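Right, one structure below, let's go through it.
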Amino acid sequence: KKRYMVLAIIVGFCIVVFTLLPKPYGESVNLGRLFSIQSRLSDYNEGIRIWKASPLIGIGYNRIRYVKEKTPEAFEANHAGASFHSSFLIILVTGGVIGLVLFLGMLYKIWGIDEFTKVAVVFISIISLTDNVLLHPFILYMFFWTCLVFHFNYRSGTSR
């Protein structure tokens, strides 16, 4: 009974502090903001629209910026002109269905190596659905390096 009383006091204190403390102004601290969600949905819609122009083979990797510049949204101040939020959307737009299938096939081959690579592929794939993480050179380097190290350690029996 005493634990519940202490827990109730701590929770009550946190609620009071959270509501009474002054909050800085700006969109970044607004917990009810919708701008980032709307921005991502707009980005995904633009990617699908561009993909529909060349669905089978895509538009090519370094062509995103030039295709985006032909749209009215491109005239806004935007520093992400040559990319989209999702790594898989980038691969779909630039490589088409053929490129996406080949890329997913490569991930499936890596996924089947051992237990660590299964977890690593699922983890990085989930993150890459909403952020362009998978196509960064440093992330790719670390991903493949750790998969290789864990695979060979697992095979040799030094790490279980």
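The values are calculated or read from the model by the stated rules, or taken from the named source; none is laboratory data. Given the structure is predicted, the values throughout are model-derived calculations rather than measurements. Note: ideal-geometry Cβ built from the backbone for every residue, glycine included; neighbour counts use all protein chains shown. These area figures cover heavy atoms from the full protein model, side chains too; ligands, DNA and RNA do not enter into them. Shrake-Rupley method; radii C 1.70, N 1.55, O 1.52, S 1.80 Å.
Do you know which residues across segment 104-117 are open to solvent by 60 Å² or more (accessible area, probe 1.4 Å) and either without any contact (Cβ under 8 Å) to a residue 24 or more places away in the chain or not β-branched (Val, Ile, Thr) (or both)? Scanning segment 104-117 gives 104, 106, 108, 109, 111, 115, 116.
Scanning segment 30-51 for residues being open to solvent by 60 Å² or more (accessible area, probe 1.4 Å), at pLDDT below 85 and either part of a loop (DSSP other than H, G, I, E, B) or under 15 Å from residue 83 (Cβ atoms) (or both) gives a total of 4.
Which residues, taken from segment 66-88, are over 17 Å from residue 131 (Cα atoms), modelled with pLDDT of 65 or more and either open to solvent by 100 Å² or more (accessible area, probe 1.4 Å) or assigned to a loop (DSSP other than H, G, I, E, B) (or both)? Residues satisfying the conditions are 66, 69, 70.
Filtering segment 10-26 for residues that are closer than 30 Å to residue 153 by Cα and at pLDDT 90 or above leaves an empty set.
Filtered by the rule that a residue be surrounded by 13 or more Cβ atoms within 10 Å (Cβ to Cβ) and small (Gly, Ala, Ser), segment 118-156 gives 120, 125, 128.
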